[in-house]
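The values are calculated or read from the model by the stated rules, or taken from the named source; none is laboratory data. Just so it is clear, the structure is predicted and the values come from calculations on it, not from any experiment. When we count neighbours, we look across all protein chains shown, and the Cβ atoms used for this are built from the backbone with ideal geometry, even at glycine. Note: accessible area is taken over every heavy atom of the protein model, side chains too, but ligands, DNA and RNA are not part of it. Shrake-Rupley method; radii C 1.70, N 1.55, O 1.52, S 1.80 Å.
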Amino acid sequence: MSFSVVKGSGYVLVHTPDMVLHNGTTQTTERVVNPESEYLKKLPNHLRSYQETVSYPPNQTYIGNITPEKLSEYKMPWYDKNIEDADRFGKYGEIMPQDEFIGLMKIVDVFDLVSLEKSFVSDVKEKLENHPLITDELINKLKEGEELEDIEKHIEEYEAEPIYNDGKVIGCVNRAHDVDINLNAHTIYENIVVKASGALAMLNLLNKNDIDPESIDYIVECSEEACGDMNQRGGGNFAKSIGEITGCINATGSDTRGFCAAPTHSLIEAASLVQAGTYDNVVVVAGGATAKLGMNGKDHVKKDMPVLEDTLGGFAILVSKNDGINPVLRTDLVGRHTVGTGSSPQAVITSLITNPLDKGDLKITDIDKYSVEMQNPDITKPAGAGDVPTSNYKMIGALGVKRKELERKELLNFVKNHGMPGWAPTQGHIPSGVPYVGFARDAMVEGEINSAMIVGKGSLFLGRMTNLFDGVSIVMEKNDGKTEETEGASEETIKKMVAKAMRDFASQFSDE
Amino acid sequence: MDLENQRRVKDLTDKHGAENVIVVLGAAEGEAAGLAAETVTAGDPTFAGPLAGVQLGLRVYHAVEPEFKDEVDADVYDEQIGMMEMVLDVDEIIEEMTDIREEFCKFDD
């Protein structure tokens, strides 16, 4: 069986300053516990404009306009640096402004749960009509909009969750049930955001890579929310709902959950489904989380810097049959943190990094790039969480030293040569391993690198069902150009050539 | 230190007495280790948790400090902590921890 390949990817960000204030859990919790706090008063002054968010170097990296190598040339902190003439559209995706995204929330809403004010709808309709990926069919789903007083009535009397733009209420997300907490307005709001940002990532994947949506057979959605009602809280299925909006009429799908590790779990699942021949084209997709907006806002405000967690993230990756061109997913080089692995950092890194390498008789230095938790250190360092990717690279390098594959004095060079700076927003699953898949594909097709290891880790204990941690990894490798078909054909050709030679040889005897 | 851990430390100290409790930390950097050490000696510096204003003065060490390292089996230490010892800024952690102990620990040993 031939390995599957990574055929394309899409990466999107959405600038959501009002959602930072009204939907991020750090802020909603503060409003309950300490409504008059200095933090809540100061926070609005620390929000960035859309243009500042677009020109922010890590964000330009996320959508593929600059490479991680280029990003590392910028001296930290990055929040006071700008990419000149930064474009909202990039090689892999885009950075969408909040108003257009609110319009998209209405577009993806098939149960009439999102209500938007009339004039807002007409403004945003004009903007979305100019968006290259939003078709007329999608625009029509915006409808006409409603009167503001009706929206206010929903908020005041029926517990609808307000939608803000530029500090004003311009709509609401209505509850889908009057008793069921899994269908209340808060949950529906979060779920529609996941669906809309996931759909935007899918649209970018399809468009940027010229993929026919009808060719998609299966979709795996791997964000961190759950949709369902009181009888099945995580019933699902974001995957199929995203496929429906984006025209994947031949696809079905399912949701995979595993905290931040879910995208890498999903990548391995997709690779296995394609390699087994079950499906030809599988998309792994995830939308973003409003809850995590402004998660470290208190530290950012305290340090008098902008609140950098002002974007939702989304991504989509297409895994397809081996085409002899795109990089393969080595399902024989998979690492996993098992129930019995243990929780020490050493045990974790061994299970995720060196166990799969040992299967292929490889050294730590044989992998060109490691894509770990690619959290942007501009966000995490001021919050006291350090530089997450660098810590991971140091741990991988240190294990290399222990395995005598690396001199101790080479540790920092290892971090530099086999690592990268983090550029992904701290949206849990979004930074986990997958942000590099797009760059890795390009670098392998161009012959710049041969291999990368995609590593996802997840904090399962947050769900209180187990104290365990989790993680999986898979090696992505440059395609050697041999597909199963070409290998088969060449074997057949050789047989024919041998047969012909035998006949020619035999005929010489008969001639004599 | 999160609120749940503060509660655990407080409960264990109430039950066994401060002289019978040692806190071993695994924080990844000096500053975070110092904050946790301060919490279990001088009280929660953020005044948010059960140890706010509670001066337990406990013995507290980081796992990479010699006081802890020399007490455990060298092979087990190497297997569990050897890699992280290479990664962490051990000197910075020891300095931070020593400062906190000298200022706030009730036990002079």
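Worth a mention:
- Within the range B:67-79, if we keep just the residues that are out of contact with any Asp or Glu (no Cβ under 9 Å at 6 or more places or on another chain) and open to solvent by less than 60 Å² (accessible area, probe 1.4 Å), the residue that is nearest to B:THR13 (Cα to Cα) turns out to be B:PHE68.
- Restricting the first member to the range B:77-98 and to residues that are more than 10 Å from chain A (Cβ to nearest Cβ), and the second to residues that are open to solvent by less than 50 Å² (accessible area, probe 1.4 Å) and of a type in the set (Asp, Glu), the beta-carbon pairs closer than 8 Å and six or more apart or on different chains are B:ILE93/B:GLU65; B:ILE94/B:GLU65; B:MET97/B:GLU65.
- Residue match in the range A:451-463 (condition: at pLDDT 95 or above, hydrophobic (A, V, I, L, M, F, W, C) and closer than 15 Å to A:ALA262 by Cβ): yes
- Within the range A:22-47, the set of residues being open to solvent by less than 20 Å² (accessible area, probe 1.4 Å) and closer than 23 Å to A:ILE170 by Cα comprises A:ASN23, A:GLY24, A:GLN27, A:LEU43.
- Condition met for A:VAL307 (crowded, with 20+ Cβ neighbours inside 10 Å, of a type in the set (Val, Ile, Thr) and farther than 21 Å from A:MET374 by Cβ): no
- Taken together, the residues in the range A:57-82 that are surrounded by 19 or more Cβ atoms within 10 Å (Cβ to Cβ) and over 28 Å from A:THR246 (Cα atoms) amount to 5.
- Condition met for A:LEU273 (at pLDDT 95 or above and either surrounded by 20 or more Cβ atoms within 10 Å (Cβ to Cβ) or among the hydroxyl-bearing types (Ser, Thr, Tyr) (or both)): no
- A:THR380 vs. criteria open to solvent by 30 Å² or more (accessible area, probe 1.4 Å), of a type in the set (S, T, N, Q), within 25 Å of B:ALA28 (Cα to Cα) and touching a helix residue (DSSP H, G or I) at 6+ places or on another chain (Cβ under 8 Å): no
- Filter pass, A:ASN479 being part of a helix (DSSP H, G or I), modelled with pLDDT of 95 or more and polar (S, T, N, Q): no
- Of all the numbered requirements in (1) open to solvent by 40 Å² or more (accessible area, probe 1.4 Å); (2) part of a strand (DSSP E or B); (3) aromatic (Phe, Trp, Tyr), A:TYR370 misses one, and that requirement is (1).
- Output for the range A:411-425, where each listed residue is modelled with pLDDT of 95 or more and surrounded by fewer than 24 Cβ atoms within 10 Å (Cβ to Cβ): A:ASN413, A:PHE414, A:VAL415, A:LYS416, A:ASN417, A:HIS418, A:GLY419, A:PRO421
- One residue from B:GLY53, B:GLY30 being crowded, with 18+ Cβ neighbours inside 10 Å and either within 12 Å of another protein chain (Cβ to nearest Cβ) or farther than 23 Å from A:LEU399 by Cβ (or both): B:GLY30
- Filtering the range B:93-109 to residues that are touching a strand residue (DSSP E or B) at 6+ places or on another chain (Cβ under 9 Å) and surrounded by fewer than 18 Cβ atoms within 10 Å (Cβ to Cβ) leaves B:LYS106, B:PHE107, B:ASP109.
- If you filter the range B:10-63 down to residues that are part of a loop (DSSP other than H, G, I, E, B), of a type in the set (A, V, I, L, M, F, W, C) and closer than 17 Å to B:ASP91 by Cα, you find that the one that is modelled with the highest pLDDT is B:ALA63.
- Taking residues in the range A:385-414 that are more than 9 Å from every other protein chain (Cβ to nearest Cβ) and among the small types (Gly, Ala, Ser), and partners anywhere that are open to solvent by less than 50 Å² (accessible area, probe 1.4 Å) and outside any helix (DSSP H, G or I), the pairs with Cβ atoms closer than 6 Å and at least 6 places apart or on different chains are A:GLY400/A:LEU406.
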